[in-house]
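Below you'll find the structure, written out as structure tokens, and then a few comments.
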Amino acid sequence: MTEPNEIATLPPLEELQPGVTRSPRTGEPRRPAALGVAAVVLYLAAVGVAAAYGLHWWEAAHPETYPASARLVDWVDPDPGKWLSLTLEGILAAAAVIAAGVPAVAGFQSWNGWRWGRWAGLLAVALTGGFAALTHDWGFVAVGLAVVGSALLWLPPVSRYLADWDRVRAERPVPYRRPESIFYGRLPRFR
């Protein structure tokens, strides 16, 4: 009589955990690569706005290139050094701060798992577009970067990451429980 052959089986699968897979280093949900790329691209959009504003500032500092330093200056055509030209420079500076700040905030808050960072990314596209319309064509580099960064925030891996953060934030920590008795003095094991 021959012995029956043993059936070959795979080892048992690990028990599936319904919770969020967390990074062992930080304890936060694992970030997808698309989110890292989106954050970097949105930061580069902020740098692009700053570079476009710096180029405007350089052209505005020279009297011969001041009239063509920005579309807004070209449309209004103020006299250099007068109150209107200084007001326009203040408006352009404020527009640069806002247009550079929103993509940076969108990237940072999305990196931290806040769902509204996606909507801030869409707002970043609009504001960098408005800034490029007020300054010059170099501002459209920032618009393109903001479009790419904002589009990356809507990818499915980023959606799963944001959903994981929602679950993590919904967890309630174990509340403090006062001990039933407190021993004062030296512990008996140290006597």
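The values are calculated or read from the model by the stated rules, or taken from the named source; none is laboratory data. From a predicted model like this one, the values you see are computed outputs, not experimental measurements. Every residue, glycine as well, gets a Cβ built from its backbone with ideal geometry; the counts of neighbours run over all protein chains shown. To get the accessible areas, we keep the full protein, side chains included, count just its heavy atoms, and leave off ligands, DNA and RNA. Shrake-Rupley method; radii C 1.70, N 1.55, O 1.52, S 1.80 Å.
Could you tell me whether any residue of the range 167-185 is surrounded by 16 or more Cβ atoms within 10 Å (Cβ to Cβ), out of contact with any Ser or Thr (no Cβ under 7 Å at 6 or more places or on another chain) and free of Cβ contacts under 8 Å to residues at least 60 places away in the same chain?
No, every residue in the range 167-185 fails to be surrounded by 16 or more Cβ atoms within 10 Å (Cβ to Cβ), out of contact with any Ser or Thr (no Cβ under 7 Å at 6 or more places or on another chain) and free of Cβ contacts under 8 Å to residues at least 60 places away in the same chain.
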Residue in the range 98-113 that is aromatic (Phe, Trp, Tyr), in contact (Cβ under 8 Å) with a residue 40 or more places away in the chain and in a helix (DSSP H, G or I) present
yes
Restricting the search to the range 57-85, which residues are over 33 Å from the mean Cα position of the chain (by Cα) and not in a loop (DSSP other than H, G, I, E, B)?
Tyr66, Pro67, Ala68, Asp74, Trp75, Val76, Trp83, Leu84, Ser85
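Take the residues of the range 117-153 that are among the aromatic types (Phe, Trp, Tyr) and assigned to a helix (DSSP H, G or I): which is farthest from Val47 (Cα to Cα)?
That would be Trp119.
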Can you work out which of the residues in the range 78-88 that are closer than 21 Å to Ala52 by Cβ and not polar (S, T, N, Q) is surrounded by the most Cβ atoms within 10 Å (Cβ to Cβ)?
Leu88
Scanning the range 25-60 residue by residue, those free of Cβ contacts under 8 Å to residues at least 24 places away in the same chain, open to solvent by less than 70 Å² (accessible area, probe 1.4 Å) and under 15 Å from Leu92 (Cα atoms) turn out to be Gly54, Glu59
Kindly indicate whether any position in the range 11-24 is in contact with a Ser or Thr (Cβ under 8 Å, 6 or more places away or on another chain) and either in contact (Cβ under 8 Å) with a residue 60 or more places away in the chain or within 24 Å of Trp154 (Cβ to Cβ) (or both).
no
Mind listing whichever residues of the range 63-75 are surrounded by fewer than 14 Cβ atoms within 10 Å (Cβ to Cβ) and within 19 Å of Asp137 (Cβ to Cβ)?
Thr65, Ala68, Asp74, Trp75
Odd one out for Ala104 among (1) touching a Phe, Trp or Tyr at 6+ places or on another chain (Cβ under 7 Å); (2) open to solvent by 80 Å² or more (accessible area, probe 1.4 Å); (3) small (Gly, Ala, Ser):
(2)
